[in-house]
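The values are calculated or read from the model by the stated rules, or taken from the named source; none is laboratory data. No experiment lies behind these values; they were computed from the predicted model shown. Heads up, the Cβs are rebuilt from the backbone with ideal geometry, glycines too, and the neighbour counts pull from every protein chain shown.
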């Protein structure tokens, strides 16, 4: 089963901050061996989520783990493994922060098996945004994968899960 969009909505989000650890990925690396899964495994092994939740409990906007991606140039993008925080959250030593918003978000719930949900997330959400009269805001150039415990953490009998995918959008 390929990934499918099971829900889409437009949300107005406040100014937020993604705090976590970062890897810079070259586009040509993805064709050879994608370094992102190993990076995430290392972040999990290092306990960054527990550390951030302990240090910044009062600043958490959403407790789900978040993957923040932003294109840096035609050759590279950043991938941050972290947590979505309120915009005034302090940044602990050893972590990086990206401030985003306020912004209008197209939010898609993408259902499928791994790795299909990661392959189809952007295209499915972008298509739904277009149908709703919006387009991806390329000027902002980022997207978020939110790993909600209830949806992403529960795998159904077919081996599928649901990934929340956020992209900044503007009205057409």
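If the condition is being surrounded by 15 or more Cβ atoms within 10 Å (Cβ to Cβ) and free of Cβ contacts under 8 Å to residues at least 24 places away in the same chain, then the range 30-51 contributes only 35.
Across the range 5-21, the number of residues qualifying as surrounded by fewer than 17 Cβ atoms within 10 Å (Cβ to Cβ) and within 29 Å of residue 42 (Cα to Cα) comes to 1.
Which is touching a helix residue (DSSP H, G or I) at 6+ places or on another chain (Cβ under 8 Å) and either free of Cβ contacts under 8 Å to residues at least 12 places away in the same chain or more than 20 Å from residue 49 (Cβ to Cβ) (or both), of 133, 153, 120, 106?
Selected residue: 106, the only one of 133, 153, 120, 106 that is touching a helix residue (DSSP H, G or I) at 6+ places or on another chain (Cβ under 8 Å) and either free of Cβ contacts under 8 Å to residues at least 12 places away in the same chain or more than 20 Å from residue 49 (Cβ to Cβ) (or both).
Among the residues of the range 82-96, those identified as surrounded by fewer than 19 Cβ atoms within 10 Å (Cβ to Cβ) and in contact with a strand residue (DSSP E or B) (Cβ under 7 Å, 6 or more places away or on another chain) are 86, 87, 91, 96.
Scanning the range 147-157 for residues being part of a loop (DSSP other than H, G, I, E, B) and surrounded by fewer than 10 Cβ atoms within 10 Å (Cβ to Cβ) gives a total of 1. Of the numbered criteria (1) touching a residue at least 24 places away in the same chain (Cβ under 8 Å); (2) more than 19 Å from residue 146 (Cα to Cα), the one residue 54 fails is (1).
Take the conditions (1) touching a helix residue (DSSP H, G or I) at 6+ places or on another chain (Cβ under 9 Å); (2) modelled with pLDDT of 95 or more; residue 68 misses just one of them, which is (1).
Counting residues in the range 60-81 that are more than 18 Å from the chain's Cα centre (by Cα), more than 27 Å from residue 170 (Cβ to Cβ) and either buried (at least 17 other Cβ atoms within 10 Å of the Cβ) or without any contact (Cβ under 8 Å) to a residue 60 or more places away in the chain (or both) gives zero. Out of curiosity, is residue 25 without any contact (Cβ under 8 Å) to a residue 60 or more places away in the chain and either within 21 Å of residue 135 (Cα to Cα) or within 17 Å of the chain's Cα centre (by Cα) (or both)? Yes. For the range 97-119, residues that are farther than 23 Å from residue 42 by Cβ and assigned to a loop (DSSP other than H, G, I, E, B) total 3. Looking only at residues in the range 137-146 that are surrounded by 13 or more Cβ atoms within 10 Å (Cβ to Cβ) and either over 15 Å from the mean Cα position of the chain (by Cα) or not in a strand (DSSP E or B) (or both), the one that is modelled with the lowest pLDDT is 141.
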